[in-house]
1. So which of Glu97, Glu119, Glu83 is among the acidic types (Asp, Glu) and more than 23 Å from Asp215 (Cβ to Cβ)?
2. Assess whether Ala11 counts as being surrounded by 11 or more Cβ atoms within 10 Å (Cβ to Cβ) and modelled with pLDDT of 85 or more.
3. For Glu24, are the conditions met, namely being more than 26 Å from Arg139 (Cβ to Cβ) and at pLDDT 90 or above?
Amino acid sequence: MQYVRGMSQPARSSRTPATPDTPESAAGGRAAAQRLRMRRELAAAAMELFATKGYEATTVDEIAAAAGVARRTFFRHFRSKEEAIFPDHDDTLVRAEAVLNAAPAHEHPLDTVCRGIKEVMKMYAAQPEISVARYRLTREVPTLREAEIASVARYERLFTRYLLGHFDEHAHADDANDDPLLAEVAASAVVTAHNHVLRRWLRADGQGDVEAQLDHAFAIVRKTFGTGIGAGRGTSSGTAAGTTAGTGTVPAAVSAQGEVLVTVARTDAPLDEVMRTIEEALKAR
């Protein structure tokens, strides 16, 4: 997979940022801060009620009353009580996009995406107790789990668009139709590595050096996807069908030309073991 290392291309966005020095910009910044503060207050009230009354038994009216606002104020910020569980994702997505748009020309695009998704980890790490409680709740309530999955998909789409805009069109002109697939796979790898570390940190009650764990996971992703993986389509016919004992992973398959690598793993498989399977397949080419 080869990327253009030249001038960074902004991620597509319909937002037009205001000029930083204008009064309108200052007023907009204050309004955004107030909006985020209210969203967090509503989310905190919702989490407390969910913990004491249960998710299903809690109503929007009760959440609004607990936060000291009217029902219509709640609906100015959230469309449903499900959304109140994730008050920061909209703003975090904007910050992640800003990282992509401001990337230095010399930075590898995959490194830029890794920096972008760190904004998500910062969001969770800023309030560990709430993040842990929210994680436990989403494990119990299917509708909240679905909302969380939808949020993850938004980040993946943002990063996929960014990476797709940085392919070297001369590297594999005959297989340009594979560019969207390769960009999506690389973006998904970054998001998956982030979420693996995040879940492990949340299961540990928010303890441990999550930033160091994240950097380690990203190093593995960069090693795997940052260089050398091209745009081939075939896979070898000798792929083993069974899972590797003890790892929950299917042995990785590499095409005859060494262009594509495919592996399958359970979501609870240790990241090191998954990556070791991939590395062994790469060495066996």
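The values are calculated or read from the model by the stated rules, or taken from the named source; none is laboratory data. Given the structure is predicted, the values throughout are model-derived calculations rather than measurements. Ideal geometry is used to build each Cβ from the backbone, glycine not excepted, and the neighbour counts take in all protein chains shown.
1. One residue alone meets the criteria, Glu83.
2. no
3. Values: more than 26 Å from Arg139 (Cβ to Cβ): yes; at pLDDT 90 or above: no.
Here the answer is no, as Glu24 does not meet what is asked.
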